[in-house]
Every structure is written in structure tokens, then in C-alpha cells.
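For reference, the structure discussed in these notes is given below.
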Amino acid sequence: MSEQRAAAAAKKANRMLGCINKGITSRDKAVIIPLYSALVRPHLEYCGQFWSLLFNKHMDRLERVQRRATKMSKGVGSLPYEEGLRELGLFSLGKRRFRGDLIKMFQYLKAGYKEDGDSLFTRSHMEKTRVKLLKPGGVLVYSTCTITLSENEEQVAWALKTFPCLQLQPQEPHIGGEGMRGAGLSDEQLKLLQRFDPAAVTLQGMDINSLRDSREDALISLANKDCIGFFIAKFIKSNSK
């Protein structure tokens, strides 16, 4: 989808840029840049935060349109792209997309999207995209710097249920504790996960296996306190869909 949208956006923008090139004789930046900003760049950025580009080749395709526009301005054609942008007072499209992402995230955190905010940044959509792009036999690593069940083992259980093609794999080296019970994963699956919980190991050098001697309800309560920690799960995609 990103490739099709990038191609369509670049085609429309290039067509409009061609009209400016043929219809406007002046090459002064005071003439070219306002026309580019008003008539060309909107095609390259429309709904950019919602059809986020995944590959550099798609980003470069759009960036080439702006590069072409900078070359049309008198005195800038011989300059490298970044220098030309500075001379014209422009930013690259990549930097503008990043700025837009920050603005949308700020509005989301400040409850700017009361009705649709929770659906703007859904993990399920992002993970579905990653799994689709992963080739059979490819490895997907999921890691967080939290120790809550909801962000770790429950996400692993969700991924295994949603994507039958994913299988948990052993990790080397395996120096962390095993996964936490409470998310419906089997004992064998929990052993394939790594959980690093500094609050659970209070003495330096304590055997990490001592975690297994603790009560399950006590460990679950500890996990949900969300102190600084780390979690790793390693998946491999099988040939089946």
C-alpha cells in the first residue's frame, strides 16, 4: 500500500511541478518556492502520518520531487541537496514527517483525539505489518524495557494466537529468568522467554533460578509494579500462513 501511495503521490506532484516549470518563466526563489509549497508539496504530505512509509526507496521517491523543485530555483541548481534546502529555507520531507509525527503524538497524549485517539497507535496494526513483511524463516524479536504481564507475556500469547505462522525460539545466550505465568503460555513456552527483573533479585550474584521458588501470585504482583526491567521474546516465521 505504501508503494502504491508513494508512486501516486510522486506522479501527481511531478505533474504539477512540470506545469509550474512550463508556465512560469521566473526562476526566482521568491516565486518558485511559494508555488511549490502551495501546489506540489501537499501531494507529497497528504495524510502522511496515517500511511507511514516503510522503506527508504519510497521516501527517496518523494524526496526526489522536492530535489527537482530546488533545482528549478536560480542560484541553487548547482548546490548539493541539503545546502540547497538551507538556502531556500526548506526542510527535507523526512524531517517534516518526523515533525508531524511529534505533533500528532503530542495531540494524542493531550487528549486531542477524544474519539479516535486509542486507535491511532494500535500495536496490533504495527505487528500485523511486521509479520506480513517477514519472510518465512525470518526472525522477529520482541523486547520491552518493562516487566508488566500486559506488555510482555500477554503480547506474546496474543501474537502466537493471532499469527499461527510464528513460533517461539530459544535465545542464546539465555541469562535471564523465564517468563511469568498468568498469560496462558505453557511452561515450555515460558522457558523460551527472558525476563530481567532487578527487583526480584535483591542480592548481586543471586542465582536467577531462585525466582522459580517464589509463589506465583507474589511474582505476578511484583511483575505488575512495572519497575525498570527488560523482556525478550524471539519468534521465527514458519512456511505456513
message: Please go through region 1-29 and give me each residue that is touching a Ser or Thr at 6+ places or on another chain (Cβ under 9 Å) and assigned to a helix (DSSP H, G or I), ordered by number.
response: Ser2, Lys29
message: If a residue must be at pLDDT 80 or above and surrounded by 11 or more Cβ atoms within 10 Å (Cβ to Cβ), how many such residues does region 113-138 contain?
response: 5
message: Considering only residues that are surrounded by 12 or more Cβ atoms within 10 Å (Cβ to Cβ) and part of a loop (DSSP other than H, G, I, E, B), which ones fall in region 139-166?
response: Thr146, Ile147, Thr148, Leu149, Ser150, Glu151, Asn152, Phe163, Cys165
- prompt: Among the residues of region 96-112, is any of a type in the set (Asp, Glu) and modelled with pLDDT of 90 or more?
  reply: no
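The values are calculated or read from the model by the stated rules, or taken from the named source; none is laboratory data. Just so you know, these numbers come straight off a predicted model, no measurement behind them. In this analysis, Cβ positions are derived from the backbone assuming ideal geometry, glycine residues included, and neighbour counts consider all displayed protein chains.
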